[in-house]
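No value in this document is a laboratory result; all are computed from the given coordinates. Keep in mind the model is a prediction, meaning the values are calculated, not measured. Reconstructed Cβ throughout: ideal geometry from the backbone, glycine too, with neighbour counts over all protein chains shown.
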Amino acid sequence: MSEQLALGHVVLAVGDSNFDGARLAGLTSAWEGREGEPGTLGPRRKVDDVHGPGPASSVTLLATGSDHKAVLVRRIL
């Protein structure tokens, strides 16, 4: 990932990290600035995340057949 960032590419990292509050150097969590909003898995809000360049302009949670909610993130690139 760091090599792609160094080359100037837009990098997005998505998934279920099984860790509430994972950080990725050079990318911003979609949850940044949304600490009071509901999350995807009860009190472990930030388990499911979309990291990318700068803050997310919106985060929408979608119900699924899973015990996790899906995360739909919009970023202005």
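For a footprinting-style exposure proxy, rank Leu62, Leu27 by other Cβ within 10 Å, fewest first.
Leu62, Leu27
How large is ³J(HN,Hα), in whole Hz, for each residue of segment 64-77 in order, when computed from phi with the Karplus curve 6.51 cos²θ - 1.76 cosθ + 1.60 and θ = phi - 60°, using x for Gly and Pro?
Coupling constants for segment 64-77: 9, x, 8, 6, 9, 8, 7, 10, 9, 10, 10, 10, 8, 9 Hz.
Need the C-alpha centroid separation for segment 53-72 versus segment 1-16, integer Å.
Spelled out, the Cα-based centre of one part sits 19 Å from the other.
Counting only C-alpha contacts under 8 Å and six or more residues apart, can you give the relative contact order of the chain as a whole percent?
Dividing the mean separation by the residue count of the chain yields 29 percent.
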